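Single-structure report; data block below.
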Protein chains: 2
Amino acid sequence: MLTPRLKVSLESVKKLIRRNAKVALEKTLSKLHPADIAIIYNNLNDIDGKKLWNNIKDEKLMAEIIAEMNEADVIDVISDQKPEKIARIVEHMESDDAADVVRLLPDEISDSVLSFMGDSDQISEVEQLLNYEEYTAGSIMNTSYFSLNEETTVKEATKSLHGAKNVDMVFYLYVTDDENRLVGVISLRQLILNPPEKKLYEIMTTDVIHVTTYEDQEDVAKVVEKYDLLAVPVVDEFNVLAGIITVDDVIDIIREEATEDFYMMVGSSDDELLFANNSMKIAKVRLPWLIVTFVGSIVASIVLTFFQGHARDFAMLVPFVPIIMAMAGNAGSQSATILIRGVALGKISTSDIIPIMLKEMRVGMIMGITIGVLLVFIAPLWSGSPIIGFVVGTAMFFAMTLATFSGTFVPATLIRFNFDPAVASSPFISMLNDILGLSIYFSVSAVLLRYFG
Amino acid sequence: MLTPRLKVSLESVKKLIRRNAKVALEKTLSKLHPADIAIIYNNLNDIDGKKLWNNIKDEKLMAEIIAEMNEADVIDVISDQKPEKIARIVEHMESDDAADVVRLLPDEISDSVLSFMGDSDQISEVEQLLNYEEYTAGSIMNTSYFSLNEETTVKEATKSLHGAKNVDMVFYLYVTDDENRLVGVISLRQLILNPPEKKLYEIMTTDVIHVTTYEDQEDVAKVVEKYDLLAVPVVDEFNVLAGIITVDDVIDIIREEATEDFYMMVGSSDDELLFANNSMKIAKVRLPWLIVTFVGSIVASIVLTFFQGHARDFAMLVPFVPIIMAMAGNAGSQSATILIRGVALGKISTSDIIPIMLKEMRVGMIMGITIGVLLVFIAPLWSGSPIIGFVVGTAMFFAMTLATFSGTFVPATLIRFNFDPAVASSPFISMLNDILGLSIYFSVSAVLLRYFG
């Protein structure tokens, strides 16, 4: 959704592109924040987007815009640039943003880009970042942080701050010993409030909240969130300061992880975002889990075939199959979603899982009784047989109770074996519930019809 | 998931509670961060939690812990406290956190709490916050911000900072005119870097990114995120500074909104979190949308009954009903989730919706061909009839294509009429797809069986 102001900008940019008014376009862009240009680019079609991009001459501005773009758009704008050009753009970026761009390139091109870059410090920083495993603190940290030795005075520290023009967001001064090990932290406010002759080790907080390079980015986000930090220092296994992760990166992580969970839960992946316009590739991302569900539904179909051959009054029971499947499926998804989200938020710990399963089964029983009783009265309306209402209602009660159980059991099992519980939970659970639901339905009806039919 | 360090703390707290070692427990708690105590409380059972809470005597610590707790736990610990006691606890909080607590209380108790509070400034701040509509910038802003008049010098500003001990997180100095209208902003770093005799209006940035009191919190989050801010000032309709929203609140908003979407998508609500242990109330939250689905599944059932009476070879077609329903249901959820998440992230704007529907239909066709062709070969294995394989495969192709269409059409329609697209999309879409899928299946088979059967 665009803000009204951005909509106006978007429309005027579109007009200028159509009129091919290059100078006016350049002037309009110069008044916009790079983040706004990134959004405008995202809202243009391919041809207009290319024209907009070709109109930007300043490599620093390109770097600022790219740092705000989503991955698919970044690939769009850099894929047909020469490695020299890409190198000149990423030179204007923080090393973590530069590494993010280089990571998107095929290996041979990324090597070439690195070789064209001018600043050897930046090259080694980017190379180092590329070496960390994806989704770890090391791979996302910013290596151009601001730190000072513990023997520095407040006055010297304030002076150093003047020189530190390229350090993007300085919130805290990290204090290190002679081996560059992290020993303390001082906020800018503390620095202002202390007399100039004091040494940093006299005023620093020594109990520094930090993360290590190999920690998962999701855990980093939780630390920053829990302690309301603006930035968290990242240290290696020897407690040597390696970089910082700032709160704006943490916000991106939180968004990304939620998106990943949304996609995974329906059996897709956020790789889709990379293939925004390639239906074939998107289908390839989604098909694997659909095929797993397909196999499951074949089992459900075999169950149905079996009962078709063996169940008494099968023809009277069949019309209720969609109701049983739909209700069990939805009740199961509800339970699964609640559990998966609770775990992602850190609100549910492993020891809570058994109580939650029991709670979900109680909820399932209450919902099953409600829907079951409704069915007892409604089903005879078009089956004509009161006993069928009783059969279907009873089966619904069991099917929904079991559905809420399997809705928590499947993700809990995934957690137990250290998988992400969001992995395709929804298709997998609905598959399981289809099989269970149909089996229960026809088994219950077989028993009840034998006694009451 | 608890960190290993927190697990150890949790275990030792549990032991101390069981041994009733009050002094040792107090000592252990004094060493923990309030955020950690909140997490430990969340991981205790009701009885141990109550014991832990009763062991905390310091009202300031109580306030700090409550500010870190989730709503359900806050209700737990304050619901059996006297209004006087609650007043003494919230007096130690920032006014936005205090308002959050008071908001959870029944009206008569919240009035009583306000009357017991000592600081009349804080009372009026809290009352003002309670007046703003929920989920607006006004309702979540912190009213104790730090602002100075534009005529102030850098030296005076630095001095004022010394006095501002109670201002929690000062990142920016907001600069106002004589009417308290927001005219500029200065970062702490700019303040350090400028000569002491300069006046604020000489060095401030005048183009201040801000939000208004009535803006939706989700939009506030997007502003902070887009411009990588640490805090955003909130102004009223006359541009008078009313408060600030800090990045830690924004992180909470982002988490909350994603959670809300997860819950809504399966036809539940995050109200569930308030009733963690009351199965009856949870069932009440989930049942309304299950009943909508129920009505839809009755329609599907009527469709099936109709074809049972009219379709040729119905008995041979029935076993494939679960396969058609499962595949159409899952393909539809995938499309819906991708659209809903894209809109929530601001990556999809209203003008993108038609192209996305077309893209999803293309994806649906590709997946439909794949699964359809598989069925052509597999179905005859247990139906025994090759023509049935052809019928089921063709129907699957149409059902999946239409499912991806309705998976985007339903949320798009909700957006069109200004509803949140996440509202119960999943149950509603699966209901629609069940009805459509069955209708298509039997219609296609009727046509094909007439010519080839």
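The values are calculated or read from the model by the stated rules, or taken from the named source; none is laboratory data. Only a predicted model underlies this, so the values are computations on that prediction, with no experimental measurement involved. No Cβ is skipped: glycine too gets one built from the backbone with ideal geometry, and neighbour counts run over all protein chains shown. Quick note on the areas: whole protein, heavy atoms, side chains included, nothing else; ligands and nucleic acids left out. Shrake-Rupley method; radii C 1.70, N 1.55, O 1.52, S 1.80 Å.
Label points for residue A:418 are taken 7 Å from Cα along Cα→Cβ. From this copy to the others they lie 5.2 nm apart, shortest first.
Comparing B:263, B:246, B:278 along the charge dipole axis of region B:239-282, the residue lying farthest to the positive side is B:278, per the Cβ-charge model. If the chain linking residue B:278 and residue B:108 were pulled fully straight, counting 0.36 nm for each residue of separation and taking away their Cα-Cα distance, it would gain 58.8 nm.
Helix A:425-452 and the longest principal axis of the C-alpha atoms of chain A enclose an angle of approximately 10°.
Note on region B:4-130: dipole from Cβ charges, positive end direction compared against B:123, B:43, B:23; the farthest Cα belongs to B:23.
Extending 7 Å from the Cα toward the beta-carbon at both residue B:81 and residue A:58 defines two label points whose distance is 5.3 nm.
Please report the buried accessible area for the interface of A with B, total over both chains, probe 1.4 Å, in Å² to the nearest 100. Working shown, then result.
Numbers: alone 24520 and 24520 Å², together 39010 Å².
Buried surface at the A/B interface: approximately 10000 Å².
Ignoring aspartates and glutamates fewer than eight residues from residue B:281 along the same chain, the ones with Cα atoms less than 15 angstrom from its Cα are A:360, B:270, B:271, B:272. On the protein heavy atoms, probe 1.4 angstrom, tell me the percent of accessible surface of the protein assembly as shown carried by carbon and sulfur. In the protein assembly as shown, the share of accessible area belonging to carbon and sulfur is 57 percent.
Might you report the magnitude of the Cβ-based charge dipole of chain B about its Cα centre, with Lys and Arg at +1 and Asp and Glu at -1, to the nearest 20 debye?
Numbers: 37 positive and 61 negative charges, 562 e Å.
For this selection, approximately 2700 debye.
Note on residue B:347: lysines with a C-alpha under 16 Å away, same-chain residues under 8 apart excluded, are A:7, B:222, B:226, B:359.
Can you give the average number of partner chain beta-carbon atoms within 10 Å of each beta-carbon in peptide A:14-25, as a whole number? Walk me through the intermediate numbers first.
Numbers: counts 0, 0, 0, 0, 0, 0, 0, 0, 0, 0, 0, 0.
Shielding by partners across A:14-25 averages 0.
About its Cα centre, region B:147-246 has a charge dipole of approximately 620 debye under the convention of +1 per Lys or Arg Cβ and -1 per Asp or Glu Cβ, with nothing else charged. Using only the Cα atoms of region B:272-452, build the gyration tensor, take square roots of its eigenvalues as a ≥ b ≥ c, and label the shape rounded, prolate or oblate: rounded if a/c is under 1.5, else prolate if a/b is larger than b/c, else oblate. Judged from the Cα gyration tensor, region B:272-452 comes out oblate (a/c at least 1.5, b/c at or above a/b). For helix A:353-383, report the angle its Cα long axis makes with the longest principal axis of the Cα atoms of chain A; keep it between 0 and 90° and round to the nearest 10°. It works out to around 40 degrees. About the centre of its Cα atoms, the protein assembly as shown shows a dipole size close to 3700 debye [charges on the beta carbon of Lys, Arg (+1) and Asp, Glu (-1) only; nearest 20 debye]. Take every pair of alpha-carbon atoms less than 8 Å apart whose residues are at least six positions apart; their mean separation over the length of region B:147-246 yields a relative contact order of 27 percent.
Across identical copies of the chain, residue B:19 has label-point separations of 8.1 nm, listed in ascending order, with the point defined 7 angstrom from Cα along Cα→Cβ.
Classified by the C-alpha gyration tensor, region A:117-232 has an oblate form. Its axis ratio a/c, with a ≥ b ≥ c, is 1.5 or above, and a/b does not exceed b/c.
Distances between copies of residue A:373, taken at a point 7 Å out from Cα along the Cα→Cβ vector and listed shortest first: 5.2 nm. The angle between the Cα long axis of helix B:279-310 and the main principal axis of chain B comes to about 20°, on a 0 to 90 degree scale. The slack between residue A:269 and residue A:72, meaning 0.36 nm per residue of separation minus the straight C-alpha distance, is 69.5 nm. For region A:352-391, accessible area lost to neighbouring protein chains reaches 50 Å² or more, against the chain alone with a 1.4 Å probe, at A:359, A:363, A:366, A:367, A:382.
Computed with a 1.4 Å probe over protein heavy atoms only, the accessible area of residue A:382 comes to about 60 Å².
When Cβ neighbours within 10 Å are restricted to other protein chains, what is their mean count per residue of peptide B:292-302?
Across B:292-302, the average partner-chain Cβ count within 10 Å equals 6.
Taking the charge dipole of chain B about its Cα centre, with +1 at Lys and Arg Cβ atoms and -1 at Asp and Glu Cβ atoms, the residue from B:8, B:138, B:204 reaching farthest to the positive side is B:8. Straight-line reach from residue A:14: taking Cα to Cα under 16 Å and skipping same-chain neighbours fewer than 8 places apart, the aspartates and glutamates in range are A:26, A:36, A:46, A:48, B:352.
Pull out a ≥ b ≥ c, the square roots of the eigenvalues of the alpha-carbon gyration tensor of region A:85-147, then state rounded if a/c is under 1.5, prolate if not and a/b is larger than b/c, and oblate in the remaining case. Judged from the Cα gyration tensor, region A:85-147 comes out oblate (a/c at least 1.5, b/c at or above a/b).
Please compute, for peptide B:331-337, the average count of beta-carbon atoms on other protein chains lying within 10 Å of each residue's beta-carbon. Spell out each step's value before the answer.
Working: counts 7, 1, 8, 13, 3, 1, 9.
Counting Cβ atoms of other protein chains within 10 Å of each residue's Cβ and averaging gives 6.
Contact-buried residues of region A:186-203, at a threshold of 50 Å² lost accessible area versus the chain by itself: A:189, A:192, A:193 (1.4 Å probe; DNA, RNA and ligands ignored). Each Cα pair under 8 Å and six or more residues apart adds its sequence gap; the mean of these over the residue count of region A:4-134 is a relative contact order of 19 percent. The peptide list B:436-442, B:69-75, put in order of mean Cβ contacts within 10 Å with the highest first, becomes B:436-442, B:69-75.
Of the cross-linked pairs A:198/B:31; B:60/B:85; B:50/B:85; B:15/B:50; A:15/A:82, those separated by over 19 Å at the C-alpha level are A:198/B:31; A:15/A:82.
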